[in-house]
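Each remark here refers to the structure printed beneath this line.
The values are calculated or read from the model by the stated rules, or taken from the named source; none is laboratory data. Here the structure is a predicted model, which is why all the values come from computation and not from measurement. Backbone-built Cβ (ideal geometry, glycine too); neighbour counts: all protein chains shown.
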């Protein structure tokens, strides 16, 4: 039975244990659901839920039971009888989990910028700035590549601005070649506000990708790597001095 159908017929899920009792699922799929925040209604940290899920589904083989077979007894999945250490996850760690699994953060993407951002022009302000040069900040949603009659490549792009509204820009061949898009992320767009058939957009004259903060999930690992690199570098220097001496 699908998750949606089970929820519709049996009511909202009350806990992780209730979900596992009612839905035929394996640990891989359950792990993904936990990591994208599907169980945030429980108020329990993801790390704790992952511990509990692995304990409850240890040795469990989903293929052994038909997906359409309803559970005859609630609470058939054993729950742990030990206390899980207090595990917490920051909002930034959740955002990077979402980027890894969904391709975009569910939280405000501008919080991930590695530099202070001024308040740029937003989509709602474009009509009042028609013909003016503006600076806007946006999280890239999609880019459409096309070609002119001469065969030169140009782009149309859509961003989410700092207010959460869609902001569009057009990048003619000379700008598209000089300032190419570099994947998903935050961008600074400079250009002139134009209008066509009541539709406002920015005719880009420059485009810059904004660096995001380091992934906090791997801060300890990166710090250890940097420390090991520094120690190795110092050791090599000392060895070089002894050799030359």
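Summary of computed values
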{"read-out": "Tabulated pairs, region 199-221, first surrounded by fewer than 16 Cβ atoms within 10 Å (Cβ to Cβ), second at pLDDT 95 or above and assigned to a strand (DSSP E or B), C-beta under 6 angstrom, 6+ apart or interchain", "value": "203/170; 203/191; 203/192; 203/194; 206/190; 208/188"}
{"read-out": "Residue list for region 105-138, restricted to those being in contact with a helix residue (DSSP H, G or I) (Cβ under 8 Å, 6 or more places away or on another chain), in a loop (DSSP other than H, G, I, E, B) and surrounded by fewer than 16 Cβ atoms within 10 Å (Cβ to Cβ)", "value": "106, 107, 117"}
{"read-out": "Hits in region 173-185 (condition: modelled with pLDDT of 95 or more and either within 19 Å of residue 127 (Cβ to Cβ) or crowded, with 16+ Cβ neighbours inside 10 Å (or both))", "value": "175, 176, 179, 181"}
{"read-out": "Some residue of region 85-101 being modelled with pLDDT under 95, in a loop (DSSP other than H, G, I, E, B) and surrounded by 11 or more Cβ atoms within 10 Å (Cβ to Cβ)", "value": "yes"}
{"read-out": "Residue in region 146-168 that is without any contact (Cβ under 8 Å) to a residue 60 or more places away in the chain and within 30 Å of residue 30 (Cβ to Cβ) present", "value": "no"}
{"read-out": "Among (1) within 30 Å of residue 92 (Cβ to Cβ); (2) surrounded by fewer than 17 Cβ atoms within 10 Å (Cβ to Cβ), the one test that residue 9 misses", "value": "(1)"}
